[in-house]
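K.L.:
Below is a structure I'd like to ask you about.
The values are calculated or read from the model by the stated rules, or taken from the named source; none is laboratory data. Remember, it's a predicted structure, so these values are computed and weren't measured experimentally. FYI the Cβ positions are ideal-geometry reconstructions off the backbone, even for glycines, and counts take in every protein chain you see.
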Amino acid sequence: MPISSPKPAARKSNPSIGVPFGSLLDIEHLTAKEISVIFENASRFHSRLAKNSSRQQLTKVLAGRRVALLFYEASTRTRVSFEFAAKNLGAVTTVVTAAASSIEKGESLVDTGYTIQATGAEVVVMRHPSSGAAQLLAQHLHVPVINAGDGMHEHPTQALLDAYTMLRHKKSLRGLNVLIVGDIFHSRVARSNIQLLSKFGAHVTLCGPPELLPALASSLAPGIEIQRNLENALVTADVIMMLRVQKERLEGLNLNIADYVANYQLTPDRMRLAPRDAVIMHPGPMIRGMEITAEVADGPQSAIVEQVANGVPVRMAVLTRALGIKK
Ligand code: NCD
């Protein structure tokens, strides 16, 4: 007899992609309207968090609901903010990491998913080193899957919190000049941001050396511009998003790190070329002294810490969406 979940969730599918309703696998297949609803709910949670100085549990809308966090790859902010987001809503959480679980013994992704579902998980948040892993898992489970980063594909909740942060500094995404600098090739964050920003009519410019930014990146969405010269690109930037060079994925690439730092590091001198109200962002983890100097990272234009904080209300909105909670 197959093992079944103690409380099977109703199997509702999104017919367009055949995955459980409430799943969030990428930004590409979300509409601008769906994204706006997530922002509205995040903003509501945000105001409530801000008023909640006594740190009491914010709401019980997910009281007793079980959220599993399945992390096959390193993470600090994404994992912690998903867990705190779930707990702020009253949910019960469990974190499964590759080390110290049966994944280490060779259990397949899908079997691990079945196991987590059979124990009663009602949502699975997953980070995985392979592109498409979240989609694969979602096709096999009847509970929603939230992609917390899959290989070089997408990191939808990061793009949501990034755009949410931009909207707290700028009136609209429409017409906003967003400059993304660095290792675009390996970045799921860049891919999700490009998708999201294009849906809202922002102008996206990508900047980096050919090794980390192939010319064909301009085909990721219509109207994407490529600039190789950071100084030129900074002049019109409203938002400057710096990315880490993903050394763990550099194998086979002939990147000269000293040249990279000389040409693409965001320094105080370079920042003087940008508009005074330009906002500096970084999805983290940032490597001070590599893509950004400490002075810039901690300077008055930096929204880097704020981005991390915004991850909590944004993920609260994504978790309530996954479980079909309207308010
Ligand atoms: C990034 C990731 O893991 O995709 N970080 C994040 O989740 N905020 C970016 C990176 O690893 O450089």
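K.L.:
Give me the pairs: first residue in the range 179-204 and in contact (Cβ under 8 Å) with a residue 60 or more places away in the chain, second residue small (Gly, Ala, Ser) and in a loop (DSSP other than H, G, I, E, B), beta-carbon distance under 6 Å, and six or more apart or on different chains, which are they?
P.N.:
179/237; 182/208
K.L.:
Further question: If you check every pair at least six apart or on different chains, which have Cβ atoms under 8 Å apart with a residue in the range 61-82 that is acidic (Asp, Glu) first and a residue that is within 16 Å of the ligand (Cβ to nearest atom) and assigned to a strand (DSSP E or B) second?
P.N.:
Close Cβ pairs satisfying both conditions: 73/127; 73/128; 73/149.
K.L.:
If you don't mind, there's one more thing I want to ask. In the range 173-194, how many are in a loop (DSSP other than H, G, I, E, B) and of a type in the set (A, V, I, L, M)?
P.N.:
3
Okay, residues lined up against (1) at pLDDT below 95; (2) out of contact with any Gly (no Cβ under 6 Å at 6 or more places or on another chain); (3) in the same structural domain as residue 49 (by TED's automatic domain parsing):
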residue: 225; (1), (2), (3): no, yes, no
residue: 255; (1), (2), (3): yes, yes, no
residue: 263; (1), (2), (3): no, yes, no
residue: 269; (1), (2), (3): no, yes, no
residue: 277; (1), (2), (3): no, yes, no
residue: 282; (1), (2), (3): no, yes, no
residue: 292; (1), (2), (3): no, yes, no
residue: 317; (1), (2), (3): no, yes, yes
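K.L.:
For a quick check of your reading of the model, give me the residue pairs whose first member lies in the range 224-240 and is closer than 18 Å to residue 210 by Cβ, whose second is of a type in the set (A, V, I, L, M) and surrounded by fewer than 17 Cβ atoms within 10 Å (Cβ to Cβ), with beta-carbon atoms closer than 7 Å and at least 6 apart or on different chains.
P.N.:
Matching pairs, first to second residue: 226/215; 231/273.
K.L.:
Separate question: Assess whether residue 237 counts as being crowded, with 19+ Cβ neighbours inside 10 Å and either polar (S, T, N, Q) or modelled with pLDDT of 95 or more (or both).
P.N.:
So residue 237 passes the test.
K.L.:
If you don't mind, there's one more thing I want to ask. Let me confirm something: among 127, 191, which residue is touching a Phe, Trp or Tyr at 6+ places or on another chain (Cβ under 6 Å), farther than 17 Å from residue 279 by Cα and of a type in the set (D, E, K, R)? Before the answer, list the steps.
P.N.:
Details: 191 fails: touching a Phe, Trp or Tyr at 6+ places or on another chain (Cβ under 6 Å).
Within the list 127, 191, the selection yields 127.
K.L.:
Out of the residues in the range 88-102 meeting the condition of being without any contact (Cβ under 8 Å) to a residue 24 or more places away in the chain and at negative phi, tell me which one is surrounded by the most Cβ atoms within 10 Å (Cβ to Cβ).
P.N.:
101
K.L.:
In the range 64-133, which strands (runs of 3 or more DSSP E) lie fully inside it and hold 3 or more residues that are farther than 19 Å from residue 22 by Cβ?
P.N.:
92-97
K.L.:
Continuing with the same structure: Only one of (1) part of a helix (DSSP H, G or I); (2) touching a residue at least 40 places away in the same chain (Cβ under 8 Å); (3) in the same structural domain as residue 287 (by TED's automatic domain parsing); (4) within 16 Å of the ligand (Cβ to nearest atom) fails for residue 168. Which number is that?
P.N.:
Only one criterion in (1) part of a helix (DSSP H, G or I); (2) touching a residue at least 40 places away in the same chain (Cβ under 8 Å); (3) in the same structural domain as residue 287 (by TED's automatic domain parsing); (4) within 16 Å of the ligand (Cβ to nearest atom) is unmet by residue 168, namely (4).
K.L.:
Could you grab me the full set of residues in the range 280-298 that are in contact (Cβ under 8 Å) with a residue 24 or more places away in the chain, surrounded by fewer than 21 Cβ atoms within 10 Å (Cβ to Cβ) and within 29 Å of residue 40 (Cα to Cα)?
P.N.:
Matches in the range 280-298: 284, 285, 286.
Okay, residues lined up against (1) of a type outside the set (A, V, I, L, M, F, W, C); (2) more than 16 Å from residue 309 (Cα to Cα):
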site	(1), (2)
140	yes, yes
152	no, yes
163	no, no
168	yes, no
171	yes, yes
178	no, yes
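K.L.:
Could you grab me the full set of residues in the range 121-160 that are among the charged types (D, E, K, R) and either farther than 22 Å from residue 314 by Cα or within 13 Å of the ligand (Cβ to nearest atom) (or both)? If you could, list the steps in order and put the result at the bottom.
P.N.:
So the first thing to find is which residues in the range 121-160 are among the charged types (D, E, K, R), and the list is 122, 127, 150, 154.
Across the range 121-160, the qualifying residues are 127, 150, 154.
K.L.:
Oh, and also: Output the number of the condition that residue 155 fails; it satisfies all remaining conditions of (1) touching a His at 6+ places or on another chain (Cβ under 8 Å); (2) under 23 Å from residue 38 (Cα atoms).
P.N.:
All conditions are met except number (1).
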